[in-house]
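Visitor: After the structure tokens below, expect a handful of questions from me.
The values are calculated or read from the model by the stated rules, or taken from the named source; none is laboratory data. Bear in mind that the values here come from a model prediction, so they are computed numbers and not experimental data. In this analysis, Cβ positions are derived from the backbone assuming ideal geometry, glycine residues included, and neighbour counts consider all displayed protein chains. Heavy atoms of the whole protein, side chains included, go into the accessibility calculation; ligands, DNA and RNA do not. Shrake-Rupley method; radii C 1.70, N 1.55, O 1.52, S 1.80 Å.
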Amino acid sequence: MKLRAVILAGLCCLLACGPAAAKSQSPAKSHPAKKAAPAENDQETVETAGKVIKEPNAFHGTKWGTPMAAVPDLTVVEKDGQAAYATVDGVVYRIGDAFLGNVVYGFCQDKFAAVMVEYQGAKAHDSIRKFLVGKYTPPVEVEGRPYDLAWPLGNVLIRLEFSKDKNAGTLSYFYQPLFTPCAGPGGTAPQ
């Protein structure tokens, strides 16, 4: 449980500084990324050369902003100020060719705002990375670290972090408008 708390605290800190670091390391493009005007009842889109990308509005069917009580079978494992973290026992997700367990849902002010999923092995890491590249864009390396990747997509920040020493990693999605108020110490807004 303490390991989860440390991982979640680390991810919260990375959320606060990740977008700035990712922007400073973004690769050169022939055309700058632009935000398209959102269509009525449509989520934001991000344009890149040759591809229009819609930011994810959910994680495996659970939409950002869903109240905690509306997600079935959740077990709250930690509360920290306005933030609460919960799991669902026995659920395994598939992303690419990787099967992922140990999913932690993050709620801020009782609204679904983040998810962190642990995975094992370099093969799973590569499969998830390829899936995300195919669905969105090539990632940016955070502070030049090739195993610490980010996809800033409108209001959603996707992070993929892998430790070669532990042969394990974490895939995280943060819906920043809802998560930021709980991303600081004690589940409060970062100072």
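Visitor: Just one of P38, P19, P56, P72 is on the phi < 0 side of the Ramachandran plot, at pLDDT below 50 and outside any helix (DSSP H, G or I); which is it? Give the derivation first.
Guide: Numbers: P19 fails: outside any helix (DSSP H, G or I); P56 fails: at pLDDT below 50; P72 fails: at pLDDT below 50.
When all the criteria are applied, what remains is P38.
Visitor: Would you mind listing the strands (runs of 3 or more DSSP E) fully within segment 86-191 where at least 1 residues are open to solvent by 60 Å² or more (accessible area, probe 1.4 Å)?
Guide: It comes to 93-95, 98-108, 111-120, 140-142, 145-153.
Visitor: Among the candidates Y85, Y119, single out the residue that is touching a helix residue (DSSP H, G or I) at 6+ places or on another chain (Cβ under 8 Å) and either among the polar types (S, T, N, Q) or at pLDDT below 95 (or both).
Guide: Details: Y85 fails: either among the polar types (S, T, N, Q) or at pLDDT below 95 (or both).
Y119 is the lone residue from the list that is touching a helix residue (DSSP H, G or I) at 6+ places or on another chain (Cβ under 8 Å) and either among the polar types (S, T, N, Q) or at pLDDT below 95 (or both).
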